[in-house]
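Please treat every number below as a calculation from the coordinates, not as lab data. For clarity, every value in this text was computed on a predicted model and none was experimentally measured. Cβ placement follows ideal geometry from the backbone for every residue including glycine, while neighbour counts extend to all protein chains displayed.
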Amino acid sequence: LAKIAGRSGNSIYNSSGGVVSPEFFIHLIGVMHNDGNISKFQVIQEAVDHIVIRLVPFDNTITYEVQNREAIEQQVMTAMGEKCRVEIRVEESIEPSRTGKHLYTISKVAKH
């Protein structure tokens, strides 16, 4: 991504109670594993051990295959804990927040 615009979002909490910053995911998905085909992405923490990564390809084809899927999953599990389930979903769009901003990370988990 030439320029990252929008809000980073919520901090993500790993299984040991540590914080994984939104910047980790922005760098991992938006820089390291973006081959130029990812238009938008969002990371949602559904539970301490469940991360959903939503990807929107530039050409909006739902058939887009995620490059380096295993590498992304492994790096997320390293940061989150080895028992973390990582789901990667290719979607047509990601809706903005109620304020109209794009959130890169959303955590549904309270700090513990």
Simple spin-label estimate for GLU91/ASP59, 7 Å along Cα→Cβ, in nm, reads 2.2
Once both label points are put 7 Å beyond Cα along the C-beta direction, the ASN68-ARG98 separation in nm becomes 3.6
Counting only residues 5 or more apart in sequence or on a different chain, those whose built amide H sits under 5 Å from that of LEU103 are SER97
